Amino acid sequence: MGRPWGPIRARTPEAKALAIFLRTRIDESPLTMTAVSERVPYSKTRVGEYLSGDPVPEEDFVLLLVAVTIPEPQRCARLQAEGRRLLSEARDPKDRHTNQDGDGSLAGKLERVRAQQVETYERLTRALERQTELQETAKHSTQLVIVLLSMINTLAGRVHTLSAEREELLGQAGDRRELEDTQQRLTRALDQERRAKEELERARDKQRQAEDLAARVQQQVDELTHSLDRLRARDHGTDPSAASDGSTHTTAGSTNVVADPVADDIDQALAQAASVNDTDEQTLQRITDELQDTDSRQVVPYSPAATSGRPTVVPNNPDNPPTGKDPSAGIQAASGPPSADHPNTLTARHHHAVTLGKAGERAEAARLLDAVVQASVRVLGADHPDTLDARHSHAVTLGEAGERAEAARLLDAVVQASVRVLGADHPNTLTARHNHAANLGAAGERAEAARLFDAVVQDRVRVSGADHPHTLTARQNHAVNLGAAGERAEAARLFDALVLDRVRVLGADHPHTLDARHNHAVNLGAAGERAEAARLLDAVARDRARVLGADHPGTLTSRREQQLFEEK
């Protein structure tokens, strides 16, 4: 959250940049200033001085403050590296003030522009993550609306039946107890109908809120994208001024409770519906609060880069079917036992299978997803988006289970269907093309995989932008497959360019950057430049040891490759 900071009293632009960096880490953390101070072994006075920029803080303070405010390990390591760089410049700014009076040399300004680029990219990433949360919330609300409409229809029929029974009993001289039981069931059904309508209105309200917030987040994404473009223009020496701007209910009962299993099921379902609404309400309120804190703070899930020599499959994210637990699962009980082919049941089966695969049971997950695909085709149709999602998940999971060739064959069909139904530039289509190429390469068709990835890269750049995480991942996989197909020199050239972009976008110590540097060196060595490859791998191994640890698999792999190229 934003804090009412005092003035920065730094003596140099470099010290000011470091102070802004440290304050931003605290602003982005949910911790209060008092909580942060309690977690670092410095007095509150000293903490305040360091955050004002004068004096320049100790290295331990910078590293510890980042560690306290950034819980995610990889991002923490990268920001610690950025903090070290800013600290080094703040401690020794003399070389940055020799060519120009005032607030620093051209080199110093360029360094600050690049730091702003990294900061803007981080905010853009968080904005995209927030978009994903809103999409999930909107999906929950939509599913809940469908289930509640079905529940209300069931309750309306139940109220009609019980009302008719009561009228019939009133016209008879029968047992008063039977009439009382019927009246109690009717009263309960009427109360449940009222509650269901209340939850329906809440769900619809969540839909509207999610749509409104999504529009606000999209506007911020656009603004941050424009800001990033302007910063890159400044980094390349063009005039930034020429760029354009973007801008719990309870049911009244009696002492004699009537056994009513159907109504019990409805009560349970209503409780689950209320829980889903409560969860979504909390999510929407949190995002609303965050957006009110600042119009420029946002965020989206980062797609992992390829590891050395193994193609990366784009993970489940907004481009693929969600794999987390769906809070709305199970509430179909409102209208009796759900059918195995009901769309909500198919969604739950899909989620279950994907989660099973993520837990390591790939073969069983693929078997379950195959059954989901067959049921989806029968119930929804072969071209329904949910069917395409299930087909995609089935193929990807089958590939992860080792059936790469079959996975590639299935993904080829998914690509063709996605192009026809969704369009060639739809995110799901691009993801299916990416994963088709990745599985084809893993099945041994390296040259064809490289050709397909080349086309994916070009379309990713055009649709998503050159610096989008999925674009960078596709470039990595293109180079990996090209090298594995024997084009080592060209692969090394592509990796060299990718390293520069990884450093610019993510930072020199980001794990994805280190992956690209490793692959660059390996392909260079395989192309005949063994001495240069060994030198580069030694540097990569040192940086991996510093960032990831000496015993990390990546560090050990770089050392092993270095030794191979050093052998005569």
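Tabulated data
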item: More than 26 angstrom apart: percent of Cα pairs within segment 384-515; result: 23
item: Sites A539 and R46 - FRET efficiency at Förster radius 45 Å, r taken between beta-carbons, to 0.05; result: 0.80
item: For q = 0.18, 0.24 Å⁻¹, Debye-computed log10 I/I(0) when each Cα of segment 342-422 counts as one equal scatterer; result: -0.66, -1.10
item: Potential extension, D205-D222 segment - 0.36 nm per residue separation minus Cα distance; result: 3.5 nm
item: FRET efficiency, 1/(1 + (r/R0)^6) with R0 60 Å, evaluated for R177 and H552 via beta carbons; result: 0.20
item: Total formal charge among the other residues, if their Cβ is under 12 angstrom from that of A455, Lys/Arg +1 and Asp/Glu -1; result: +1
item: For segment 406-476, alpha-carbon Rg and Dmax in angstrom; result: 11.4, 32
item: Peptides 385-393, 76-84 ordered by average Cβ neighbours within 10 Å, highest first; result: 385-393, 76-84
item: At R0 = 41 Å, FRET efficiency that the Cβ-Cβ distance of E448 and A215 yields, to 0.05; result: 0.45
item: Stokes-Einstein translational diffusion, segment 12-70 - Kirkwood Rh over all Cα pairs, 1.567 mPa s, 4 °C, in µm²/s; result: 115
item: Relative packing of 513-520, 64-71, 422-429, which averages over residues the other C-beta atoms within 10 Å, highest first; result: 513-520, 64-71, 422-429
item: Sorted largest first, extent of segment 447-568 alpha carbons per principal axis (Å); result: 42, 29, 20
item: Highest to lowest packing among 163-169, 178-184, scored as the average C-beta count within 10 Å; result: 178-184, 163-169
item: Spin-label model distance (nm) - R462 vs R367, 7 Å beyond Cα toward Cβ; result: 4.3
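Quick note: the coordinates plus some simple rules give every number you see, no bench work behind them. All of these numbers come straight from a predicted model, not from anything done at the bench. Every residue, glycine as well, gets a Cβ built from its backbone with ideal geometry; the counts of neighbours run over all protein chains shown.
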